[in-house]
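Undergrad: Take a look at this one; I'll ask things after.
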Amino acid sequence: MTKKTILITGGAGFIGSHVVRLFVTKYPDYKIVNLDKLTYAGNLQNITDIENAPNYVFEKGDIVDANFVNELFEKYHFDSVIHLAAESHVDRSITNPMEFVMTNIVGTVNLLNTAKNAWKADLNKGFEDKLFYHVSTDEVYGSLHNPEEFFLETTAYDPQSPYSAAKASSDHFVRAYHNTYKMPVVISNCSNNYGENQFPEKLIPLFINNIQTNKALPVYGKGENVRDWLYVQDHARAIDDVFHKGKNGETYNIGGFNEWKNLDLVLLLCKIMDKKLGRPQGTSEKLISYVTDRAGHDLRYAIDAKKIMNELGWQPSLQFEEGLEKTIDWYLSNEKWLNDVTSGEYQKYYEIQYLDN
Ligand code: NAD
Ligand code: TYD
């Protein structure tokens, strides 16, 4: 195994923490530097199990800060970057788009630029053995209306929310650096993730928490929107495959062919939660409350993941119901984690998002 020093950004967040854990434990010869600003979504409690590993370092900082990022490259001489840091919640992008422009666009370009300058400066090697891996979302492709259609790697970008527009822009910059400067890059676009450590602003952990605490379940519109769900550790394994086996300049769509209408998903969640909490079947369903639809709400996302399956041999490992049970069990047995992240700032967010309308 070649030794590598890898910068992982956003490694204290939901998906990043699973990626950091996988790389730190599976590749003891790699040095993993986790750069995270620790916004409301970043939580070092997500990775306490690996914080003392000899091949792991945490650096708190902002990807938008050019001097800081430059100093980090000078300090560690990274071979590769796996870039996950982002503002990631569509509802927050509707109330505060500028933060998404700063982190998702300016932050990504800043990382690209620093990597280019640092790698180009190594006159002996240049871009040899270097890789900038940009982790993106299927939301850049927009909204599907024809049930026969899926997002392919060749689907034209058509982002509809400030979040997806900012991610689309960052994807374009990554390709521009590949095309213009010949920087070695890979991009992956994944469907909706669920699993342990997801911040309870996203549908599944929000509803698990609300069911447990007997709060209303705010279903946007009629609950007819469709999302394609993938277990977070399957995404982390896909990132491992793309990082090690992906072809320079290529894009890989990641998804588990697992589409669910929001209302059907919520009903399944209620059923499992009633069973786990020992409540009579039908109890949690009564908490469903139809609320004003999200502005510009994308109707359907669905990934065609055949390329990564056929070319890199990746497969999802869990069936959805199994993954959902595992996720619910994790939230029910990690009450402290949930209490910690839902105190303070979260209360203000919750009031503005759900109680002020
Ligand atoms: P998250 O919001 O849980 O975590 C984001 C992390 O980035 C946090 O730890 C936060 O502190 C950090 N961060 C934010 N701004 C930063 C900055 N300026 N500098 C340094 N760190 C900063 O997000 P997530 O759900 O784990 O998503 C990770 C990545 O995967 C994102 O790029 C997202 O677009 C992409 N993605 C997410 C999903 C999903 O379903 N959650 C699906 C596909 C792709
Ligand atoms: P979310 O988890 O925010 O992911 P994304 O918008 O990136 O797909 O939302 C998943 C779906 O659930 C989406 O169609 C919006 C819907 N939703 C609700 O109905 N109510 C809620 O409170 C939230 C957060 C989401």
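Undergrad: Can you name the residue in the range 87-138 that is of a type in the set (D, E) and over 19 Å from G61 (Cα atoms) and is also nearest to ligand 1 (Cβ to nearest atom) among such residues?
TA: Selected residue: D138.
Undergrad: Also, quick follow-up: Anything in the range 200-218 that is hydrophobic (A, V, I, L, M, F, W, C) and surrounded by 20 or more Cβ atoms within 10 Å (Cβ to Cβ)? List them, or say none.
TA: L203, I204, L206, F207, I208, I211, L217
Undergrad: Might you check whether a residue that is part of a strand (DSSP E or B) and within 16 Å of ligand 2 (Cβ to nearest atom) occurs anywhere in the range 114-136?
TA: Yes, there is a match, as at least one residue in the range 114-136 is part of a strand (DSSP E or B) and within 16 Å of ligand 2 (Cβ to nearest atom).
Undergrad: Among the residues of the range 230-250, is there at least one that is assigned to a strand (DSSP E or B) and either more than 12 Å from ligand 2 (Cβ to nearest atom) or touching a residue at least 24 places away in the same chain (Cβ under 8 Å) (or both)?
TA: Yes, the range 230-250 contains at least one residue that is assigned to a strand (DSSP E or B) and either more than 12 Å from ligand 2 (Cβ to nearest atom) or touching a residue at least 24 places away in the same chain (Cβ under 8 Å) (or both).
This table checks each residue for (1) within 30 Å of P159 (Cβ to Cβ); (2) out of contact with any Ser or Thr (no Cβ under 6 Å at 6 or more places or on another chain).
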| position | (1), (2) |
| --- | --- |
| K247 | yes, yes |
| Y252 | yes, no |
| N258 | yes, yes |
| N262 | yes, yes |
| L265 | yes, yes |
| G278 | no, yes |
| T283 | no, yes |
| T292 | yes, yes |
| A295 | yes, yes |
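Undergrad: Okay, next question. Does the range 230-247 contain any residue that is more than 24 Å from P316 (Cα to Cα) and surrounded by fewer than 21 Cβ atoms within 10 Å (Cβ to Cβ)?
TA: For the range 230-247, residues more than 24 Å from P316 (Cα to Cα) and surrounded by fewer than 21 Cβ atoms within 10 Å (Cβ to Cβ): absent.
Undergrad: Here is a check on your reading of the model: is E139 of a type in the set (D, E, K, R), within 16 Å of ligand 2 (Cβ to nearest atom), within 20 Å of A236 (Cα to Cα) and not in a helix (DSSP H, G or I)?
TA: no
Undergrad: Please name all residue pairs, on different chains or six or more residues apart, with Cβ atoms under 6 Å, provided the first residue is in the range 129-154 and is farther than 17 Å from W260 by Cβ and the second residue is open to solvent by 70 Å² or more (accessible area, probe 1.4 Å) and within 16 Å of ligand 1 (Cβ to nearest atom).
TA: Sorted first by the residue in the range 129-154, then by its partner, the pairs are G142/Q160.
The values are calculated or read from the model by the stated rules, or taken from the named source; none is laboratory data. Predicted model, so just to flag it, every value in this text is computed and none were measured. Glycine gets a Cβ as well: all are built from the backbone with ideal geometry, and neighbour counts include every protein chain shown. These accessible areas exclude ligands, DNA and RNA; they are computed on the full protein's heavy atoms, side chains included. Shrake-Rupley method; radii C 1.70, N 1.55, O 1.52, S 1.80 Å.
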